[in-house]
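Heads up, the thing below is written out as structure tokens.
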Protein chains: 2
Amino acid sequence: MSLSLYQSSVPVFEHAMGAFLAVLDKAEAHAKARKFDSANYLAIRLAPDMFPLARQIQTFCDQAKNASFRLAGGAAPPIEDKEKTIDELRARIETTIGLLKTIDAGAVDAAVDREIVFPVGPNKMKMQGANYLLHFVLPQFYFHLTTAYDILRSAGVEIGKRDFLGAVPGIAPA
Amino acid sequence: MSLSLYQSSVPVFEHAMGAFLAVLDKAEAHAKARKFDSANYLAIRLAPDMFPLARQIQTFCDQAKNASFRLAGGAAPPIEDKEKTIDELRARIETTIGLLKTIDAGAVDAAVDREIVFPVGPNKMKMQGANYLLHFVLPQFYFHLTTAYDILRSAGVEIGKRDFLGAVPGIAPA
């Protein structure tokens with residue numbers, strides 16, 4: 001009668017990032033219909049001192065990747081931030097999902113009470129695995145994922161919360 | 001070696017909404033410094049067909065409240081959406097946190113495999129408790145919480161991700 005740490009992390013990231021691929025498809029369709037270069041989206045920001053779309057996407061990908069590998073007791077392969085098009089951002093998400101599929105569920109589950117060490121700027125911090133996921137990783141993952149959505153939504157792309165959620169696993173008419 | 005459903009829901013909502021109270025304090029300070037009525041924030045939207053700030057806050061409060069009571073096997077007391085000021089929105093969040101503190105942890109923990117029935121628009125849907133929290137409630141809670149943050153951030157309030165996260169429970173220098 002409890003949740004596994006794996007169940008609460010890796011498949012959650014995979015599902016949410018998979019849904020965001022479809023959000024990017026709608027962004028590209030909107031650009032095509034309005035006849036502008038979809039690469040124009042990448043530099044859009046909600047405020048001049050916030051990350052632009054590209055960096056929001058790179059950041060939620062790295063949150064998911066780095067946290068999942070740390071929970072599994074390893075180190076994530078670094079990915080260079082060099083995407084210049086929506087297609088390249090889509091590939092970044094797909095690469096990240098592919099890496100998540102290599103994660104050993106049992107290794108993640110064993111991290112509930114383990115101390116996780118991670119960088120915060122120039123410092124090294126530590127948290128117990130469960131708190132790390134619930135109070136550090138998930139809030140930041142959704143923070144950047146939602147802000148990426150909000151950038152595209154405010155730019156006129158026809159998306160709604162259903163696109164953000166994707167095909168919710170296990171939902172059925174009651 | 002696992003997470004409880006309670007640990008993964010109620011205290012997560014309480015912490016994140018508590019952090020948002022401090023975000024609202026900064027929004028009020030900004031309004032005071034710039035000499036405008038802080039109630040002006042409530043109608044700001046990132047797009048003309050998105051919810052404004054007030055509705056984003058009402059929605060994340062209700063997501064947390066309704067989901068927590070449903071997981072505990074009960075029904076949440078309804079709260080009317082009538083807030084007209086930042087102070088009233090702060091009180092809405094505080095009332096919600098107060099209601100969450102009445103939730104029985106054991107009742108929530110027992111819901112991992114239970115079927116949760118909930119309305120989606122005019123329909124009734126069902127999900128197993130764990131999936132309901134991980135793939136329906138938490139994404140939507142953070143969706144509205146982050147969008148409320150993004151509205152204030154794009155309106156010039158001096159907030160950063162640290163304000164969004166609050167004082168992360170259990171973090172320490174490594």
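The values are calculated or read from the model by the stated rules, or taken from the named source; none is laboratory data. Predicted model, so just to flag it, every value in this text is computed and none were measured. Please note: Cβ atoms are built from the backbone with ideal geometry, for glycine as well, and neighbour counts cover all protein chains shown.
With respect to A:GLY156, is the statement that it is closer than 23 Å to B:ASN131 by Cβ and either among the aromatic types (Phe, Trp, Tyr) or surrounded by fewer than 20 Cβ atoms within 10 Å (Cβ to Cβ) (or both) true?
no
Against the numbered list (1) more than 10 Å from chain B (Cβ to nearest Cβ); (2) surrounded by fewer than 21 Cβ atoms within 10 Å (Cβ to Cβ); (3) in contact with a Lys or Arg (Cβ under 9 Å, 6 or more places away or on another chain), A:GLU115 comes up short only at (1). Looking at the range A:148-169, is at least one residue of a type outside the set (Phe, Trp, Tyr), facing chain B (nearest Cβ under 7 Å) and touching a strand residue (DSSP E or B) at 6+ places or on another chain (Cβ under 8 Å)? Scanning the range A:148-169, I find at least one residue that is of a type outside the set (Phe, Trp, Tyr), facing chain B (nearest Cβ under 7 Å) and touching a strand residue (DSSP E or B) at 6+ places or on another chain (Cβ under 8 Å), so the answer is yes. Among the residues of this structure, A:GLY129 does not count as one that is surrounded by 13 or more Cβ atoms within 10 Å (Cβ to Cβ), under 25 Å from B:THR147 (Cβ atoms), at the interface with chain B (Cβ under 10 Å from one of its Cβ atoms) and of a type in the set (Gly, Ala, Ser).
If the condition is being in contact (Cβ under 8 Å) with a residue 40 or more places away in the chain, within 16 Å of the chain's Cα centre (by Cα) and farther than 17 Å from A:ALA91 by Cα, then the range A:44-70 contributes A:PHE51, A:PRO52, A:ASN66, A:ALA67, A:SER68, A:ARG70. Across the range A:5-43, the number of residues qualifying as within 14 Å of chain B (Cβ to nearest Cβ) and more than 19 Å from the chain's Cα centre (by Cα) comes to 1.
Only one entry in A:SER2, A:SER68 is more than 14 Å from every other protein chain (Cβ to nearest Cβ) and within 30 Å of B:VAL108 (Cβ to Cβ), namely A:SER68.
Just one residue in the set B:ARG45, B:ARG70, B:ARG34 is among the basic types (Lys, Arg), modelled with pLDDT of 95 or more and surrounded by 18 or more Cβ atoms within 10 Å (Cβ to Cβ); that residue is B:ARG70.
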